[in-house]
Amino acid sequence: MTSLIFGVRLDELASVDQLRGVATGFLDGDRVFRIFTPNPEILLRARDDAEYADLLRSADLALPDGTGVAIVEALRSGRSVRRWPGVEIAGMLLRLAAERGETVAFVGGSPDVAERAAARWGALPGLKVVVAGAGVAVHEDGMARSMAREDETVDVIRSTAPTIVLVGLGAPKQERWIERHADAFPSVRIMIGVGGAFDIWAGSKRRAPRAFRTLGLEWLWRLALEPRRLPRTLRATVVFPVLAMFDRAG
């Protein structure tokens with residue numbers, strides 16, 4: 001099932017098994033598939049940026065992230081809607097890649113963070129993880145002024161021939177990077193923006209305890225750790241739901 005918020009399509013999947021089936025189909029396909037995880041901040045940006053909204057609509061799979069999105073979708077549809085944090089989708093993809101003996105590339109994150117995250121997952125039997133672009137600095141327009149040169153990142157991905165590329169540059173940079181490079185790598189079948197997943201895997205940031213995640217209060221945990229996030233949190237938890245509920249045209 002699908003729905004629209006601010007003109008951006010959101011797909012609805014009910015279980016990890018269902019997601020795994022879709023991902024397996026992508027990996028067995030003959031082209032690259034884009035996975036995005038729109039959250040309240042991403043959707044608010046898309047509301048004011050038609051070009052970015054068009055980019056998000058190019059996704060082959062767009063799964064709702066963030067409690068605010070799940071609440072709006074549930075109120076609209078009258079049923080519970082699952083939210084899909086990028087870190088969880090990426091974790092599933094890495095485990096699936098390990099089962100299939102695939103290679104996965106990490107793009108983004110600081111060098112030490114990306115390396116530590118890669119080392120953690122690289123210990124999984126059957127999985128090869130390569131750090132293709134740690135330290136890449138991407139500006140708002142999506143163009144790279146890189147600490148690790150953009151062409152070097154592309155060369156690493158081409159030479160290591162991964163089937164999955166995880167891009168941890170944060171929104172909107174990661175979606176724009178994916179758009180620019182989606183057709184550049186013959187081996188790649190899935191590209192996904194994963195936000196701060198590398199920081200969590202590397203241990204440089206702590207994810208909310210399971211109880212907070214189950215109750216949809218992960219935003220409160222992050223706010224407690226980073227009070228400076230208050231303006232962003234208010235936009236996601238107050239401004240977004242109000243605007244989205246009155247978004248009759250989708």
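A few points about this structure:
- Among the residues of the range 49-75, the ones that are closer than 28 Å to residue 215 by Cα and among the polar types (S, T, N, Q) come to 1 in all.
- Neighbours by Cβ (under 6 Å, 6+ apart or cross-chain): first from the range 73-93, among the β-branched types (Val, Ile, Thr); second assigned to a helix (DSSP H, G or I): 81/70; 81/73; 81/74; 87/197; 87/200
- Pairing each residue of the range 107-122 that is more than 16 Å from residue 205 (Cβ to Cβ) with any residue that is open to solvent by 70 Å² or more (accessible area, probe 1.4 Å) and at pLDDT 95 or above, provided the two are 6+ apart or on different chains, yields C-beta distances under 8 Å for 122/128.
- Scanning the range 103-123 for residues that are surrounded by 24 or more Cβ atoms within 10 Å (Cβ to Cβ) and assigned to a strand (DSSP E or B) returns 104, 105, 106, 107, 108.
- Residues that are within 17 Å of residue 53 (Cα to Cα) and open to solvent by less than 60 Å² (accessible area, probe 1.4 Å) do occur in the range 190-198.
- A single entry from 206, 229, 235 fulfils the requirement of being farther than 29 Å from residue 115 by Cα, over 17 Å from the mean Cα position of the chain (by Cα) and basic (Lys, Arg): 235.
- Evaluation of residue 159 against the conditions (1) open to solvent by 20 Å² or more (accessible area, probe 1.4 Å); (2) at pLDDT 95 or above; (3) closer than 25 Å to residue 60 by Cα shows that the sole unmet condition is (3).
- For the range 54-69, a residue qualifies if it is part of a helix (DSSP H, G or I), surrounded by fewer than 21 Cβ atoms within 10 Å (Cβ to Cβ) and in contact (Cβ under 8 Å) with a residue 24 or more places away in the chain, and the qualifying residues are 55, 57.
- From the list 166, 225, 220, the lone residue that is touching a helix residue (DSSP H, G or I) at 6+ places or on another chain (Cβ under 9 Å), open to solvent by 60 Å² or more (accessible area, probe 1.4 Å) and of a type in the set (A, V, I, L, M) is 220.
- Residue that is farthest from residue 19 (Cα to Cα), among those in the range 94-106 that are touching a Lys or Arg at 6+ places or on another chain (Cβ under 9 Å) and in contact (Cβ under 8 Å) with a residue 40 or more places away in the chain: 103
- Test: residue in the range 29-43 that is in a loop (DSSP other than H, G, I, E, B), of a type in the set (A, V, I, L, M) and open to solvent by 50 Å² or more (accessible area, probe 1.4 Å): no
The values are calculated or read from the model by the stated rules, or taken from the named source; none is laboratory data. Quick caveat: nothing in here was measured; it's all calculated off a predicted structure. Using ideal geometry, Cβ is built from the backbone for each residue, glycine included, and neighbour counts are taken over all protein chains shown. Accessible surface areas use protein heavy atoms only, side chains included; no ligands, DNA or RNA. Shrake-Rupley method; radii C 1.70, N 1.55, O 1.52, S 1.80 Å.
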